[in-house]
1. Being at pLDDT below 80 and either aliphatic (A, V, I, L, M) or within 30 Å of Ala295 (Cα to Cα) (or both) is the filter here, so list the residues in the range 51-75 that pass it.
2. Filter the range 222-266 down to the residues that are in a helix (DSSP H, G or I) and either at positive phi or among the charged types (D, E, K, R) (or both) and list them by number.
3. Using the structure shown, decide if Gln182 is surrounded by fewer than 22 Cβ atoms within 10 Å (Cβ to Cβ), touching a residue at least 60 places away in the same chain (Cβ under 8 Å) and assigned to a helix (DSSP H, G or I).
4. When both residues are 6+ apart or on different chains and their Cβ atoms are under 7 Å apart, which pairs have a first residue that lies in the range 158-169 and is of a type in the set (D, E, K, R), and a second that is within 14 Å of the ligand (Cβ to nearest atom)?
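The values are calculated or read from the model by the stated rules, or taken from the named source; none is laboratory data. Predicted model, so just to flag it, every value in this text is computed and none were measured. FYI the Cβ positions are ideal-geometry reconstructions off the backbone, even for glycines, and counts take in every protein chain you see.
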Amino acid sequence: MSEFPSFVSPRLEPAEVVSGTPPALDLPSIISPSFTPLDTLPSTPNPIPVTKDYEPVPSLPETLPEVECLVRARIPTTTGTEIFLHLYKNNVDEKEHLAIVFGNDIRSKSLDRVREGETEMDRMIRGAYVGRLYPGRQTSKEDPKLASGDAHPDHKSTLVRIHSECYTGETAWSARCDCGEQLDEAARLMAKENHGVVVYLRQEGRGIGLGEKLKAYNLQDLGADTVTANLLLRHPADARSYSLATAILLDLGQTEIRLLTNNPDKIAAVEGKHREIKVTDRVPMVPLAWKHDDAGIRSKEVEGYLKTKIERMGHLLDKPF
Ligand SMILES: [Zn+2]
């Protein structure tokens, strides 16, 4: 369980207790284990209605993977927002994919299903309880002593981010990409709405794994861009798959969503081959450094990375380089 996204990680110790660490590292804000405080930045960017029917991606599987939520737990975060972390297993890989859920009213069908022979204590331990746990609680069902679940006040479709694991950007303070910032920003917007889902997929390096990603970084230092580096290593430019995300969102009862993304291919991929999910709006993810003088990541690497995303991967971001 060491690969949680940055904002749920333990706080960093002060630099002086980490032996051998150079003290003068001027680390950018994304290294903060807590996401940006709620009130320092604007609320959700204007959504763009998805009017165009994106062509279904031919490589999408006919049937969605089977997913099952094994356990869910409440995580109080460093900003005060509480989240519910859902851990999933599936029938296509051995990885522990996650859903980070904001708001009390989003529930997993597979988690809530009664399992044969289980006790009320078993259900509470795996997180299949309604409301809140407290010492001595006896039942997993709705507790009359507690106010019932806070229903989502309006009927806007749920804000969703599909995030692929990025060890370098979320944990190792990398300024080669903006994954850490995007995860933090998604969390901030969902905390503000007290409603939302980050599906956290364990597909490091656009699906090629950490070792290959590090080789790609060396190729980038030798002059290749992020797409060419993958191709030189005989990997596809993007080996990610989003079918697991579609299956996890359906398990969480989410059939209409607003998707935080700049990537039009992701919209079609998340909707699924048979349009199991409808993306009603796309909410752009504009890099913080483009909007604020004193926020976000500033490095020549991240600028090149974003430029490649726009020019070679069709991302919908409007920035003259
Ligand atoms: Zn990254």
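1. Val57, the sole residue that qualifies.
2. Asp251, Asp265, Lys266
3. No, not satisfied.
4. Partner pairs satisfying both residue conditions: Arg161/Ala186; Glu165/Glu3; Glu165/Tyr200; Glu165/Leu201; Glu165/Arg202; Glu165/Gln203; Glu165/Glu204.
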